[in-house]
Amino acid sequence: MPQSIDQRKVNVALRRLPTIRPSVTIVWIEDSCTSSRLFDNNGENMNYVDSLHNHFIVWYTSILKSIKYFKQARSYERIIVVVVLADDSGSINKEASTLLLAMPHDSSEAKREMLVECRAYYRGKHKELVAIDKFEHSYCSADAIKWYTRPCFLYRIVNKALRSEDILGLYTFRYFIADLCTRLEEVATLTRARYTMPFRVYRGARLSKNEVEELRVGTLVATNGYMSSSIHLNVAQLFISIDPTTGMSPSRSRDDKQQFVLFEIDINLTDSSEIIVADVSDYSAVPDEKELLFDLGTTFIITNTEYDIEHYLWHIRMVSSSEMAQLRQDYSAYINRRLTDTSPTMMFGHLLSDISSDYSAAMNYFYRLLRTISVDDEDHPTIYFYLARLYRFIGKHKKAIEYFQRALLLQKPKLPQSSMAYGRALAGLATTYSEMGESTRAVLLYERAMAIHRAFLPSDHIEMIMDSNRLAYAYWQEKQYERALAHLSSALTFYRQKMPVDHPGQAQALHTMGLVHHTLGNREQALDYYTKALHMRQSLLSNDHPFVARTYYQMSLLHAEQDDERTIALDYAQRALNIRYRKLPPNHKELNQSIELVKRLSQKK
């Protein structure tokens, strides 16, 4: 959550919206290339190239953030274009905004929470506090764009949450963000009708020298907020203090730490039906700027970069890209299916806990919900369920058992209507006992959960597959390896054939498959499954998610078995330890395991 402006110095340039950030350079591979180990032109190591349904997937092992990928490619003459999108491209913000729109957001409580946070943040700042008071008494949803484009408290604090991907912060500002999303989509429809011919917009930005150097031709870039641009070149120049007479930037060398960049973005809405861009000039507080706003996560491809040595200014030309279109459509369909049996309020908490692994924020979120809902609210047992999972994640297993039992107690009288949730809670309780080493008890609970779900769900329902996945891990603990392999094979087949997008459960199945093969002595197969699990977890979860650390840890154990791979083992062990230090509480079992492993490998090095 944002701190008070007095507690932390905030340097916000005039109307400076979130910057474009490079995702990763598009990799160009000759279609005749069959090498299993390649290097791009920067010497970055790519682990392997895998052909799947005529598509190429390139996994980077040395650029941890180049991890969110697309299973798609475009052929151009004899070239295959492989697109890899970084995890910081705004996808988490987009998912959060989708859920915010689905949940109740226009309540007096949502408004109160937002204004309390804003007043705390701008404590002692008279001008901003006056604007907050005015917002409280005069705001209506139709004015969302006008308020966002005003040089006042809203765009600063909202964009700060977007840039930092502060999911709990986005929830706090849901009262306004949901209105803004809705209005921008409405205006985007009008914009598409107005701009029937290709056009160009401009954006001025101050970037570090290193950031500019990453923006090479062929790079896919994405926004992590609502990116501002203008039809007028002079407006973009004004925002980066270009001298209107001489055209000079404030810089005096391309080696300066801060560089001045003029983005020239070519848009063709006829060819790019998926691009969401809104001409907000008719609704803006500053209509003369002729401002256009791009939606969260909009992607572009850089087509040209040039440094103007006379005016000390970078010119970077981009075109709008629809590379994410199919992925977004598939993902939206998946979210809509999930919303049929899970409320958006609960799914938002799931995003906090499972995707971003911000356990403290998630705990805060669910306890806040507990304080605001009635005793008989239908979400009550679900909140207990998610709190139980959070306690399990941080290693407080007794507390987890208590909250799972609370959830079960509230769900049992509602059977069979609550069968889905009741089965999930049983499975969660089973996982808790599994982590405590009581695998026999875990197997019995998993089998009960599966029996409940089997009674009313089709065999290919995602919940049935998740049950099978969890049971496979318990079978591995019980040394029932054939049973484990059977369940895992079935689960992986389902994920490959039925899921439109990668799923955390698929990564778990790959990880567990690695455990089984490692135990059986199938070292190469185990490494292959661990590697696939790692890349998928990195693509779906935050880089510092404890599940990523689990796979790092197992890969370290595997490499440690070979004397000539001890250095690799230590590297993976250290990565796991770094994550666990950041994410897990002191004395957590997994943290202690990592400390001991790093210590042991360091001594033998």
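The values are calculated or read from the model by the stated rules, or taken from the named source; none is laboratory data. What you see is a predicted model; the values in this text were computed from it and never measured. Neighbour counts are summed over all protein chains in view; Cβ atoms, including those assigned to glycine, are modelled from backbone coordinates with ideal geometry.
Only a single item in (1) assigned to a helix (DSSP H, G or I); (2) modelled with pLDDT under 85 is not met by Asp341, and it is number (1).
Annotation: Glu590 fulfils all but one of (1) at pLDDT 95 or above; (2) not in a helix (DSSP H, G or I); the unmet one is (2). Looking only at segment 111-149, residues that are of a type in the set (Lys, Arg) and buried (at least 19 other Cβ atoms within 10 Å of the Cβ) come to 0 in all.
Hey, any hits in segment 252-263 for a residue that's under 24 Å from Val187 (Cα atoms) and at pLDDT 90 or above? Checked segment 252-263: at least one residue is under 24 Å from Val187 (Cα atoms) and at pLDDT 90 or above. Would it be correct to say that Tyr155 is touching a helix residue (DSSP H, G or I) at 6+ places or on another chain (Cβ under 6 Å) and in the same structural domain as Ala278 (by TED's automatic domain parsing)? Spelling it out, Tyr155 is indeed touching a helix residue (DSSP H, G or I) at 6+ places or on another chain (Cβ under 6 Å) and in the same structural domain as Ala278 (by TED's automatic domain parsing). Answer yes if at least one residue in segment 412-435 is part of a helix (DSSP H, G or I), over 22 Å from Met464 (Cα atoms) and in contact with a Leu (Cβ under 8 Å, 6 or more places away or on another chain), and no otherwise. No - not one qualifying residue is present in segment 412-435.
Set side by side, the residues Tyr384, Tyr391 differ, and just one is more than 24 Å from Arg582 (Cβ to Cβ), of a type outside the set (A, V, I, L, M), touching a Lys or Arg at 6+ places or on another chain (Cβ under 8 Å) and at pLDDT 90 or above, which is Tyr384. Here's a check for you: in segment 148-175, which residue that is outside any helix (DSSP H, G or I) and in contact (Cβ under 8 Å) with a residue 40 or more places away in the chain is farthest from Asp133 (Cα to Cα)? It comes out as Glu165. The numbered conditions (1) buried (at least 23 other Cβ atoms within 10 Å of the Cβ); (2) modelled with pLDDT under 90; (3) not in a loop (DSSP other than H, G, I, E, B) are all true for Gly204 except (2).
Since Ile452 meets every condition but one in (1) at pLDDT 90 or above; (2) under 23 Å from Leu390 (Cβ atoms); (3) among the aliphatic types (A, V, I, L, M), which condition does it not meet? So the condition that Ile452 fails would be (2).
Within segment 286-293, can one find any residue that is assigned by TED's automatic domain parsing to the domain that holds Ile240 and touching a Lys or Arg at 6+ places or on another chain (Cβ under 7 Å)? For segment 286-293, residues assigned by TED's automatic domain parsing to the domain that holds Ile240 and touching a Lys or Arg at 6+ places or on another chain (Cβ under 7 Å): absent.
Annotation note: Cβ proximity below 7 Å between a residue of segment 537-550 that is among the β-branched types (Val, Ile, Thr) and a residue that is part of a loop (DSSP other than H, G, I, E, B) (sequence gap 6+ or interchain) occurs for Val548/Leu541. Note on segment 226-242: among residues that are buried (at least 21 other Cβ atoms within 10 Å of the Cβ) and among the small types (Gly, Ala, Ser), the one that is nearest to Leu180 (Cα to Cα) is Ser228.
Can you report the number of residues in segment 396-443 which are of a type in the set (Lys, Arg), closer than 25 Å to Phe547 by Cα and surrounded by fewer than 21 Cβ atoms within 10 Å (Cβ to Cβ)? Residues meeting the conditions: 4.
So, in segment 451-508, exactly how many residues are touching a residue at least 40 places away in the same chain (Cβ under 8 Å) and among the hydrophobic types (A, V, I, L, M, F, W, C)? The qualifying residues number 9. Is it the case that Leu485 is more than 27 Å from the chain's Cα centre (by Cα), surrounded by 22 or more Cβ atoms within 10 Å (Cβ to Cβ) and at pLDDT 95 or above? No: the conditions fail for Leu485. Every residue in segment 369-395 that is free of Cβ contacts under 8 Å to residues at least 24 places away in the same chain, surrounded by fewer than 20 Cβ atoms within 10 Å (Cβ to Cβ) and under 23 Å from His545 (Cβ atoms), please. None - no residue of segment 369-395 is free of Cβ contacts under 8 Å to residues at least 24 places away in the same chain, surrounded by fewer than 20 Cβ atoms within 10 Å (Cβ to Cβ) and under 23 Å from His545 (Cβ atoms), so the list stays empty.
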